[in-house]
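Chemist: The following block contains the structure, expressed as structure tokens.
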Amino acid sequence: MRVQKIKIKNFGVYHGINEITLPLDEGKNICLIDGNNGYGKTTFYRALWYCLYGIRHKYKERLDFMNRYALSQGDLRTSVEVHFTYRGKHYQMTRSLIATRENIERVNDVEESVTLLEDGVPVVNIENRINEILPRDASQFFFFDGEDIAKYASLENTEATKEAIEMVLGIPAIRNAIQDLYTIEKGLHKEIKKETKDNKDQQRLMEQEEEISSKIESCKSKLEEAKKEKEKLSSLKMNLQQRLEEHEVFRPIFEEKENLERRKKELEERLKLMKREEKEIFERMPYLIVKPIIEKLEKGYREKLLREKNIQERAILYKAMLKE
């Protein structure tokens with residue numbers, strides 16, 4: 001997701017129409033907004049978050065968002081419009097507040113409307129689509145107020161936050177696909193044991209094996225994309241790690257990293273055990289039939305090991321980035 005432009009009208013301290021265009025340099029994916037106190041940095045952040053997700057806590061916030069001077073001049077409309085791209089598609093989201101009178105005192109004095117266009121086509125289920133692009137629980141790691149940086153240092157790694165980050169990276173779909181492939185492979189093993197002497201059944205199993213190989217290649221392609229994203233963040237990770245080492249409050253992060261390294265060694269030992277089991281399987285089953293399938297199991301386990309390591313490192317990285 002890359003935010004291109006934000007148009008703010010009569011929101012908080014922003015009176016009238018204020019349009020902010022963000023840089024679109026493909027080589028840089030972090031945008032910092034700086035300014036003196038009272039110049040609208042926090043209001044800008046709230047406007048962006050409000051446009052995407054709506055009211056944060058209480059509906060009374062709607063009254064606070066509307067510019068009082070604009071209301072006194074008879075302009076009863078407050079709106080935030082965000083333009084962004086995601087996976088090659090352009091999105092335009094607009095959330096508006098319309099006062100029914102100048103002197104607003106109650107929540108019922110304000111009405112809200114929201115629209116989302118995907119390449120110019122209206123989206124019906126707006127909330128679901130936005131959460132598919134950037135889940136609400138993960139937004140704090142992509143948009144945050146620098147004045148509240150201490151809050152991010154004390155965030156707990158809740159299960160909801162972890163799931164939201166994985167959803168942004170597309171991990172659940174890949175994980176489910178791999179699990180389905182393991183299930184299919186397990187079923188093929190059972191069929192091979194029963195029907196190895198039947199040439200026709202053997203041919204059918206070979207066709208199914210080719211289909212599984214195709215699906216595995218597709219999963220590998222998706223994992224490669226995740227790997228490229230990790231490489232883009234590697235330089236940022238090194239810089240953050242050097243700065244984090246200077247602060248005692250981040251010691252638990254490095255302890256967690258050491259635990260992950262120990263986990264990696266344990267998984268490598270399990271891989272060695274699988275190799276020994278593979279040797280035993282070769283001694284029991286026809287070599288030509290079993291070897292390709294066992295090799296795929298080993299390859300799949302290696303990919304699982306690499307994927308789990310990547311996921312864990314990425315979760316730590318995002319957590320560290322947002323604490324910074």
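Chemist: State whether the residues of region 213-228 include one that is surrounded by 14 or more Cβ atoms within 10 Å (Cβ to Cβ), modelled with pLDDT of 75 or more and more than 22 Å from GLN312 (Cβ to Cβ).
Modeler: Yes, region 213-228 has at least one match.
Chemist: With the condition being in the same structural domain as HIS15 (by TED's automatic domain parsing) and basic (Lys, Arg), I'd like the strands (runs of 3 or more DSSP E) fully within region 77-124 carrying at least 1 qualifying residues.
Modeler: On the way: elements: 77-86, 89-99, 110-118.
Where strands (runs of 3 or more DSSP E) fall fully within region 77-124 and carry at least 1 residues being in the same structural domain as HIS15 (by TED's automatic domain parsing) and basic (Lys, Arg), they are 77-86, 89-99.
Chemist: Oh, and also: Among residues belonging to region 115-156 that are more than 18 Å from LEU52 (Cβ to Cβ) and among the β-branched types (Val, Ile, Thr), point out the one that is modelled with the highest pLDDT.
Modeler: VAL121
Chemist: On to the next question. Restricting to region 78-111, name every residue that is surrounded by 15 or more Cβ atoms within 10 Å (Cβ to Cβ) and of a type in the set (D, E, K, R).
Modeler: If the condition is that a residue be surrounded by 15 or more Cβ atoms within 10 Å (Cβ to Cβ) and of a type in the set (D, E, K, R), then GLU81, ARG95, ASP109 are the ones that fit.
Chemist: Then there is this: If a residue has to be in contact with a Leu (Cβ under 9 Å, 6 or more places away or on another chain) and not basic (Lys, Arg) to count, how many in region 134-143 make the cut? Steps first, answer last, please.
Modeler: Initially, region 134-143 is screened for residues in contact with a Leu (Cβ under 9 Å, 6 or more places away or on another chain), giving 134, 136, 139-143.
Now drop any that are not not basic (Lys, Arg), which leaves 134, 139-143.
Qualifying residue count, region 134-143: 6.
Chemist: Does region 31-51 include one or more residues that are surrounded by fewer than 16 Cβ atoms within 10 Å (Cβ to Cβ), touching a Ser or Thr at 6+ places or on another chain (Cβ under 8 Å), assigned by TED's automatic domain parsing to the domain that holds GLU19 and under 14 Å from GLU112 (Cβ atoms)?
Modeler: Within region 31-51, not a single residue is surrounded by fewer than 16 Cβ atoms within 10 Å (Cβ to Cβ), touching a Ser or Thr at 6+ places or on another chain (Cβ under 8 Å), assigned by TED's automatic domain parsing to the domain that holds GLU19 and under 14 Å from GLU112 (Cβ atoms).
Chemist: Being part of a helix (DSSP H, G or I) and either farther than 30 Å from GLU191 by Cα or at pLDDT 80 or above (or both) narrows it down to one residue among LYS291, LYS257, LYS275, LYS279; which is it? Steps first, please.
Modeler: Values: LYS291 fails: either farther than 30 Å from GLU191 by Cα or at pLDDT 80 or above (or both); LYS275 fails: either farther than 30 Å from GLU191 by Cα or at pLDDT 80 or above (or both); LYS279 fails: either farther than 30 Å from GLU191 by Cα or at pLDDT 80 or above (or both).
Unique residue meeting the criteria: LYS257.
Chemist: Oh, and also: Scan LYS194, LYS190 and give me the residue that is modelled with pLDDT under 80, surrounded by fewer than 16 Cβ atoms within 10 Å (Cβ to Cβ) and either assigned to a loop (DSSP other than H, G, I, E, B) or more than 39 Å from the chain's Cα centre (by Cα) (or both). I'd like the intermediate steps shown before the answer.
Modeler: Working: LYS190 fails: either assigned to a loop (DSSP other than H, G, I, E, B) or more than 39 Å from the chain's Cα centre (by Cα) (or both).
Selected residue: LYS194, the only one of LYS194, LYS190 that is modelled with pLDDT under 80, surrounded by fewer than 16 Cβ atoms within 10 Å (Cβ to Cβ) and either assigned to a loop (DSSP other than H, G, I, E, B) or more than 39 Å from the chain's Cα centre (by Cα) (or both).
The values are calculated or read from the model by the stated rules, or taken from the named source; none is laboratory data. Here the structure is a predicted model, which is why all the values come from computation and not from measurement. Virtual Cβ from ideal backbone geometry, glycine too; neighbours counted across all protein chains shown.
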